[in-house]
Amino acid sequence: MSVLIFIDQSEGIVKKSSLEALTYGADLAKQLGTTAEGIVLGTVSDDLAALGKYGVQKIHQVNNAALNTVDAQLYASVISQAATASSASVVVFSHNQTGKAVAARVAAKLKAGLVAGACALPETNNGFSVKKTVFSGKAFAHVNVLSPIKVISLNPNSYKTVATEGTAVVEALAVTVAEPKVKVTAVNKITGEVPLTEADIVVSGGRGLKGPEHWGILLDLAKELGAATACSRPVGDAHWRPHHEHVGQTGVQVAPNLYIAIGISGAIQHLAGVNRSKVIVVINKDPEAPFFKAADYGIVGDAFEVVPQLTAAIQKMKAGA
Amino acid sequence: MKILVCVSKTPDTTSKIAFTDGNTKFDEAGVQWIINPYDEWYSLVRAIELKESNPAATIHLVTVGNADAEPIIRKALALGGDEAIRVNTDNSDAYYIAAQIAEVAKQGGYDIIFTGKETIDYNGSSIGGMIAELVDAPYISLATKFDLNGNTATVVREIEGGEETAEVALPVVVSCQKGMAEQRIPNMRGIMAARTKPLKVVEPAAIDALTSIASFELPPAKAGVKLVAPDNVAELVRLLHEEAKAI
Ligand SMILES: Cc1cc2nc3c(=O)[nH]c(=O)nc-3n(C[C@H](O)[C@H](O)[C@H](O)COP(=O)(O)OP(=O)(O)OC[C@H]3O[C@@H](n4cnc5c(N)ncnc54)[C@H](O)[C@@H]3O)c2cc1C
């Protein structure tokens, strides 16, 4: 028996969301009285043995260049073979882009019940029940998993990474790797920016900023905070900002430690994508804006005056600290 | 070319989220039902566009649901699509639903199967991947573009912090999101035509569900907003630093 955790990497570097999945999987293994093992695919430059500090005892590696890009079919085949080899009773993924492509396939292959978007450890005293977000973050469901093998994908930013001491044994896993059918021909990473779904802080702008030419004040604030930038749907629709920045029920769902909303009214569909944020700050000139009801801190004021002052004040705090 | 578009019924985005029966059931009182926006705006419209450039293509819609899903299917048919199939069962387990659609897919022999990136109620992002596994086809998730060149699809999909372009031979299963197409409004002709389009009802295959929802829970209410005067942003910075420990 084991808990098998999929370790997602990009260009050889293990993703932050996978460190959360590792901590979660290791805690689950402890709860179940079993071992935590990892599976990593492709060429990795990170020190895999050092991932033992997140509680994983063994890491299976399939170091095959065919796995350096994601073909969900191939990934699912290899991960399922690893699950069988390690007699996994639970397979854990991050519910990130790769997890969304692969976890469901692995679940179908292993005839394992899937909880996608989990946000807490399972209750295992009486059955196996996992809490997950539903209705775009407006509620939670407790899902009973009825099958012997279970697959869980963990919402990014919902489980705290804990590093202690430890070294993992890294072993090459002998599996058959077919030729990928999905051929990646170009990768277009937005360099110099923090990926939105991995960001600790997100600074987001709405129609209140009036036009793309006014985004400078928001970008300055984001830069000062090391934050990712986001926007409301009409801003994306009007091409003031690229569409991948659109957050909300029909866009990207984020759960950063801090979400700063500037000139966004706080429509229910917008809130659905951001309400899992730990702390929400709203800057809006309309005291009646619905966003204030969902906020922790707020300033009723003109964004064009408040935002540059905020950037300056943060600069000052940092200089003083 | 045959395209299968998976369509799901979801509560309207402004619906009040509440539960009944000791928090075990979604409270449907007063809820308006819509086509899951990802299914409607992106997968269905992209399928219609593909048919517009290749009139020999056929589009089938499939939904897994009770008779009360039919208005949604008719609305989808008003946008486009040649016929619809409803698998007559109600179940929330992703595997159960995907396995029903996979049965339909195997019988229809489709070149392309489109799903939305997720439903806005269950947020699983699971159905497409499961169908793909069950019909043994490649899967492209979170696609923002899909173009055909003969039997090869060129797709753009979301990755962490960017996107990538990939090529894959048909048949393929694709989950669609923003970028794939632009939302359309059904016109009168479409609405009239939809009334007479075939809507086949099939009984579900014998599949065991692998999960079930035990209960729901609402998040705790926020304590209330702390307002800071606009001429005192330093105070906001102090609160974020010292109290919220967020910066
Ligand atoms: C099915 C459906 C799905 C949707 N999905 C999404 C989604 O995923 N994400 C999303 O964001 N929206 C979504 N929407 C749209 C949503 O309903 C709102 O229309 C949208 O979020 C509003 O965007 P906004 O807040 O930028 O603009 P507005 O609502 O126009 O708000 C602008 C705000 O800026 C404030 N403002 C103006 N000037 C200033 C100033 N100088 N300083 C400070 N504040 C100022 C105003 O007081 C106002 O509150 C969806 C809608 C539907 C029907």
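Here are a few things to note about the model shown:
- Unique match (being of a type in the set (A, V, I, L, M, F, W, C) and more than 10 Å from the ligand (Cβ to nearest atom)) among A:268, A:260: A:260
- Matching residues, region B:1-53, being away from the ligand (no atom under 13 Å from the Cβ), in a strand (DSSP E or B) and polar (S, T, N, Q): B:20
- Test: residue in region B:225-236 that is more than 7 Å from every other protein chain (Cβ to nearest Cβ), at pLDDT 95 or above and not in a loop (DSSP other than H, G, I, E, B): yes
- Of all residues in region A:268-293, those that are touching a residue at least 24 places away in the same chain (Cβ under 8 Å) and over 22 Å from the mean Cα position of the chain (by Cα) total 8.
Table: residues versus (1) in a helix (DSSP H, G or I); (2) open to solvent by less than 10 Å² (accessible area, probe 1.4 Å); (3) over 29 Å from residue A:248 (Cα atoms).
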{"site": "A:78", "(1), (2), (3)": "yes, yes, yes"}
{"site": "A:81", "(1), (2), (3)": "yes, no, yes"}
{"site": "A:127", "(1), (2), (3)": "no, no, yes"}
{"site": "A:132", "(1), (2), (3)": "no, yes, no"}
{"site": "A:159", "(1), (2), (3)": "no, no, no"}
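- Hits in region B:184-200 (condition: open to solvent by less than 70 Å² (accessible area, probe 1.4 Å), of a type in the set (A, V, I, L, M, F, W, C) and not in a helix (DSSP H, G or I)): B:199
- Of residues in region B:117-138 being over 15 Å from the mean Cα position of the chain (by Cα) and not in a helix (DSSP H, G or I), the one surrounded by the most Cβ atoms within 10 Å (Cβ to Cβ): B:137
- Condition met for residue A:170 (within 23 Å of the chain's Cα centre (by Cα) and either open to solvent by less than 90 Å² (accessible area, probe 1.4 Å) or away from the ligand (no atom under 16 Å from the Cβ) (or both)): no
- Looking across region A:53-76, the residues that are hydroxyl-bearing (Ser, Thr, Tyr) and farther than 15 Å from residue A:18 by Cα come down to A:69, A:75.
- Strands (runs of 3 or more DSSP E) lying entirely in region A:206-321 (those with 2 or more residues that are at the interface with chain B (Cβ under 10 Å from one of its Cβ atoms) and open to solvent by less than 40 Å² (accessible area, probe 1.4 Å)): A:258-262, A:279-284, A:297-300
- Checking each residue in region A:62-72 for being open to solvent by less than 30 Å² (accessible area, probe 1.4 Å) and not hydrophobic (A, V, I, L, M, F, W, C) picks out only A:71.
- Residue count for region A:185-204 satisfying the condition of being in a strand (DSSP E or B), buried (at least 17 other Cβ atoms within 10 Å of the Cβ) and in contact with an Asp or Glu (Cβ under 9 Å, 6 or more places away or on another chain): 1.
- A single member of A:132, A:138 is within 9 Å of chain B (Cβ to nearest Cβ), touching a Cys at 6+ places or on another chain (Cβ under 7 Å) and in contact (Cβ under 8 Å) with a residue 12 or more places away in the chain, and it is A:132.
- Residues of region B:170-183 that turn out to be surrounded by fewer than 23 Cβ atoms within 10 Å (Cβ to Cβ) and either under 16 Å from the mean Cα position of the chain (by Cα) or facing chain A (nearest Cβ under 10 Å) (or both), as a count: 4
- Flag for residue B:167 being open to solvent by 30 Å² or more (accessible area, probe 1.4 Å) and within 8 Å of another protein chain (Cβ to nearest Cβ): yes
- Looking across region A:238-254, the residues that are touching a strand residue (DSSP E or B) at 6+ places or on another chain (Cβ under 8 Å) and more than 13 Å from residue A:208 (Cα to Cα) come down to A:241, A:243, A:244, A:245, A:246, A:247, A:252, A:253, A:254.
The values are calculated or read from the model by the stated rules, or taken from the named source; none is laboratory data. Keep in mind the model is a prediction, meaning the values are calculated, not measured. Counting neighbours? That spans all protein chains shown, and the Cβs are built from the backbone with ideal geometry, glycine included. Ligands, DNA and RNA are stripped out before the accessible areas are found, and what is left, the full protein with its side chains, is counted by its heavy atoms. Shrake-Rupley method; radii C 1.70, N 1.55, O 1.52, S 1.80 Å.
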